[in-house]
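Trainee: Structure in structure tokens, see below.
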Amino acid sequence: MDKKMMAYCGTYCGICEWKDKVNCKGCQACQSQMFWGQCDKAACCIEKGLEHCGHCPQMPCPKLLALFSDPEHGDKGVRLRNLRDWANGVYEYKKLDNLSQEQAKKR
């Protein structure tokens, strides 16, 4: 796992489908200016000098909780587990199973 591709929020940019589509260099390299707009989670980590949200004493904050439960991008807490693992030096990535995929399966 390439640590440079770890997103501040607990996802792993190295396997993102958009990485090649839009030539995205990953969350850390973009410095919160993502191809889709400003990322408030990344900006917060950069402002606090944190490698990712897992090192923040306020984790999970309202920003992360809103992201985790978002109908389109929510992941049922997988990113939270990734962040806790990364903060403890366990650099593995648990693939996100987002809520929109789950809803699509029910249709």
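The values are calculated or read from the model by the stated rules, or taken from the named source; none is laboratory data. Everything numeric here is computed off the predicted structure, so don't read it as measured data. FYI the Cβ positions are ideal-geometry reconstructions off the backbone, even for glycines, and counts take in every protein chain you see.
Trainee: Which residue out of Gly49, Gly14 is of a type in the set (Gly, Ala, Ser) and modelled with pLDDT under 90? Walk me through how you get there before you give the answer.
Mentor: Details: Gly49 fails: modelled with pLDDT under 90.
The unique qualifying residue is Gly14.
Trainee: Counting only residues that are within 16 Å of Lys3 (Cβ to Cβ), give me the helices (runs of 4 or more DSSP H) lying completely in the range 19-91 with at least 1 of them.
Mentor: Per the criteria, 27-30, 40-48, 78-87.
Trainee: Also, quick follow-up: Could you list, in sequence order, all residues of the range 15-63 that are among the polar types (S, T, N, Q), under 19 Å from Trp86 (Cα atoms) and surrounded by 12 or more Cβ atoms within 10 Å (Cβ to Cβ)?
Mentor: Gln28
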